[in-house]
Amino acid sequence: MSVRPMPDWQLYARSILLVAAVVACAVVVQIQFIYLEFHPRFLIVPTIVTLFVGALLGRVSVLRRRLRQKSLEFRAIVDIAQEFTYLRRVDGQYEYVSPSCLNFTGYSQQDFFQQPNLMDKLIHPDDHTRWSSHIHHINDRGDPESFDVRLVTKGGDVRWFTHICAPVYDESGRQIGVRSTNIDITQRKEDQARIEHMAHYDPLTDLPNRRLLEQELGRRTQQPQRFAVLFLDLSRFKNVNDSLGHGFGDQLLQRIAQRLKFVCSADTLLCRFGGDEFVIVTALSGDKEAVLAFARQVLDEIERPLLIASNELRISGTIGVACYPEDGTDSVTLIRNADTAMYRAKRQGQEKIAAYHTDYSREATHFINIESDIHRALQQQEFFPYYQPKVDLRSGRIIALEALARWQHPQHGLVPPDQFIPIAEETGQIAELGKQMLEHVLADLGRWRLLGCVVPVSINISPRQFTDREFWQRLHAGVAEGGFAPALLELEITEQVFLGDIHAAAARLQELRAAGFPVALDDFGSGYSSFNYLRRLPVDTLKLDRAFITDVVQDPASRAILRATVGLCEELGLALVAEGVETEAQRAVLISHHCHLAQGYLFHRPLPGADIEALLRARPA
């Protein structure tokens with residue numbers, strides 16, 4: 001229950017009565033001992049004194065009560081506020097400290113009262129200079145000031161707060177202290193830092209993103225120190241996404257990011273540029289050879305086998321290198337030239353690293369033009385198969401064909417496959433090209449079957465097609481509609497198909513063989529792990545890479561590899577086809593080593609369907 005405050009008039013009355021009592025006692029004593037008799041005039045002066053002093057005392061009581069009430073109201077407001085407020089004298093002693101100081105700093109009000117300038121001791125070491133400047137500013141100039149600063153709590157935590165401070169003056173204008181309100185903004189700062197991190201870091205790998213990369217390159221290009229930009233693209237990453245899912249692909253990217261962090265030093269900037277592309281910015285102290293050696297180290301690290309969710313993967317990549325300032329003086333140019341060099345490395349094949357050269361920009365323009373031309377050619381149906389026979393080495397008899405894509409360009413004539421197949425694979429146009437090639441081959445097989453001269457035909461399957469279920473559905477439907485056995489259509493694949501996930505590849509091949517399609521492993525011996533694949537993958541035929549046939553006559557090592565491969569195929573029950581046979585001497589060596597099947601210019605060059613049809617019809621029964 002609240003107590004109603006005494007009215008002001010009662011305070012005045014009480015004060016006058018109190019003074020009257022005192023004065024009356026004085027008058028009585030005076031009359032009793034001094035004047036010995038009473039006269040009314042004796043009351044005039046005491047009455048005046050009583051009224052004056054009583055009124056004055058009453059006024060003081062009223063003002064004191066009002067001041068006490070205002071003080072209570074101030075404390076009632078300030079004490080329950082979240083903000084930490086204090087009033088500090090110029091000598092450092094605290095006149096007032098709000099109770100929120102305990103939650104804010106870990107120190108109680110009593111701690112502040114007992115330790116002058118305690119606030120100065122709590123400021124974060126990195127902000128001491130800023131705080132000292134503020135103290136001098138507020139003392140010398142006397143202007144109010146507000147800024148963000150950190151303190152270290154009694155428990156060792158770091159808090160951000162907004163410090164609002166203004167001087168306090170006495171009636172003469174002399175500064176007697178400062179009053180300050182401190183607002184905890186730690187959560188806001190953490191939110192800002194989180195937003196800033198999200199804006200500049202990749203959420204999947206927690207690596208710097210493209211925006212931070214461009215800012216860092218902009219900073220570095222303003223300095224004289226040389227540096228190199230490495231543009232890394234993972235090979236066949238789309239195959240992993242298509243076959244195992246995007247969640248699995250995300251795990252793979254995270255593991256690759258961890259490996260890249262391991263190989264990069266503290267002063268090297270590693271960024272995820274986007275998708276399966278990473279950019280590394282590293283100091284360049286010597287010539288480009290040192291950077292190329294570092295690039296090889298990066299590839300060695302990411303090419304080590306990965307085991308994710310019981311799936312063993314082998315991921316490779318290509319790297320393009322551009323150096324500042326010789327290959328570019330701004331971030332856009334450096335990234336573009338490193339990217340251009342990376343695509344050059346892709347087209348080089350076995351060599352997976354390329355340093356930028358000015359010629360590469362012209363090649364990049366040529367790449368874009370070819371890509372556009374392929375798109376037009378696909379719409380105009382300018383691609384069709386040429387067929388190269390596979391023959392029995394002893395009799396020369398045609399026993400099978402390999403379908404090879406050719407482009408009949410309206411201006412440039414017949415375009416060789418090495419000028420458009422890599423670009424089609426890189427841009428994804430290989431899917432439509434493979435579809436058109438399959439339609440041509442199925443049509444030719446159907447016609448030759450009716451003519452009674454059909455032989456098995458092999459088609460090359462790219463890594464992108466291998467993971468494309470729509471392609472396989474079209475293959476099954478085409479064979480069923482043509483009415484011929486799947487055994488007439490052999491599927492040629494390279495080890496690039498398996499580097500994403502060997503288990504998924506093996507399962508897919510088992511499905512195809514169960515459906516009756518034979519499988520051939522092309523370019524055998526050109527990869528570092530082909531023998532491992534033979535042990536784990538269901539294939540019917542090996543095609544020995546032409547690199548071993550070229551030198552098989554004069555090179556004992558090539559003959560040894562041939563001999564070992566023939567023995568391996570005999571033990572495993574596989575057929576062996578030698579690629580690129582061009583001389584009679586090579587043919588003789590192959591026959592002497594019991595290799596019975598081959599293809600090459602010695603026998604037949606790739607020919608259009610009509611010419612092959614004539615050969616097949618003229619073939620002895």
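The values are calculated or read from the model by the stated rules, or taken from the named source; none is laboratory data. What you see is a predicted model, and the numbers here were worked out from it, not measured in a lab. We place every Cβ from the backbone using ideal geometry, glycine too, and count neighbours over all the protein chains shown. The accessibility values were calculated without ligands, DNA or RNA, using every heavy atom of the protein model including side chains. Shrake-Rupley method; radii C 1.70, N 1.55, O 1.52, S 1.80 Å.
A Cα-only calculation for segment 196-316 places Rg and Dmax at 15.1, 49 Å.
Of D206, D523, which has the most accessible area with a 1.4 Å probe, and how do the rest follow in descending order?
Numbers: D206 80, D523 55 Å².
If we order D206, D523 from most to least accessible, we get D206, D523.
Within the shell of other residues whose beta carbon sits under 11 angstrom from the beta carbon of H594, the net charge comes to +1, with Lys and Arg scored +1 and Asp and Glu -1.
Other residues whose C-beta falls under 10 angstrom from the C-beta of Y356 contribute a net charge of -1, scoring Lys and Arg +1 and Asp and Glu -1.
Excluding D233 itself, what net charge comes from residues whose Cβ is under 9 Å from its Cβ, given Lys and Arg +1 and Asp and Glu -1? The partial results should precede the final answer.
Working: positive: K346; negative: D276, E277, D339.
So the surrounding residues net to -2.
Give the relative contact order (percent, whole number) for segment 465-524; include only Cα pairs under 8 Å separated by 6+ residues.
Values: 42 pairs, mean separation 24.5, N = 60.
Contact order relative to length: 41 percent.
What whole number of Å gives the distance from the Cα centroid of segment 238-283 to the Cα centroid of segment 149-170? Between the Cα centres of segment 149-170 and segment 238-283 lies a distance of 43 Å.
Evaluate the charge dipole of segment 503-593 about its Cα centre and quote only its size in Debye, nearest 20, assuming +1 on the Cβ of each Lys and Arg and -1 on the Cβ of each Asp and Glu.
Values: 9 positive and 12 negative charges, 60 e Å.
Dipole of segment 503-593, to the nearest 20 debye: 280 debye.
Among the GluC sites (Glu not before Pro) in segment 85-177, those placed in a DSSP loop whose Cβ has at most 16 other Cβ atoms within 10 Å are E171.
Using only Cα atoms, locate the centre of segment 573-621 and the centre of segment 411-488, then give the distance between them in Å, rounded to an integer. Result: 21 Å between the Cα centres. Here the Kirkwood formula puts the hydrodynamic radius of segment 130-169 at 11.2 Å, using every distinct Cα pair.
Would you kindly work out the equivalent ellipsoid of segment 100-173 from its C-alpha gyration tensor and give its semi-axes, the square roots of five times the eigenvalues, largest first in whole Å? Please report the intermediate quantities before stating the final value.
Details: eigenvalues 105, 52, 22 Å².
Each semi-axis is the square root of five times an eigenvalue, giving 23, 16, 10 Å.
For a quick check of your reading of the filter: which chymotrypsin sites (Phe, Trp or Tyr not before Pro) in segment 544-621 sit in a DSSP loop and have no more than 16 other Cβ atoms within 10 Å? Mind showing how you got there, number by number?
Details: sites: F548, Y601, F603; in loops: Y601, F603.
Here the chymotrypsin sites (Phe, Trp or Tyr not before Pro) that fit, given the DSSP loop and packing criteria, are Y601.
Evaluated at q = 0.16, 0.19, 0.22 Å⁻¹, the base-10 log of the normalised Debye intensity for segment 416-511, with identical point scatterers placed on the Cα atoms, takes the values -0.73, -0.98, -1.21.
The solvent-accessible area of V553, taken with every protein chain present and a 1.4 Å probe, is close to 60 Å². Restricting the calculation to alpha carbons of segment 71-217 gives Rg and Dmax of 18.8, 64 angstrom. Note on segment 261-384: percent of Cα-Cα distances in each 5 Å bin, starting at 0 and stopping at the bin with the largest distance, equals 2, 9, 16, 21, 18, 12, 9, 7, 4, 1, 0.
An ellipsoid equivalent to segment 458-603, defined through the eigenvalues of its Cα gyration tensor, has semi-axes of 29, 17, 13 Å when rounded to whole angstrom and sorted largest first. Apolar share of the accessible surface for segment 170-328: 50 percent from carbon plus sulfur atoms, 1.4 Å probe.
Projected onto the charge dipole of segment 160-237 (+1 at Lys/Arg Cβ, -1 at Asp/Glu Cβ, origin at the Cα centre), which of T221, P167, P203 gives the Cα projection farthest towards the positive end? Ranked along the dipole, the leading option is T221. Of the trypsin sites (Lys or Arg not before Pro) found in segment 326-406, those that fall in a DSSP loop while having at most 16 other beta-carbon atoms within 10 Å are R394, R397. The Cα trace of segment 312-432 gives Rg and Dmax of 18.8, 65 Å, the first to one decimal, the second as a whole number.
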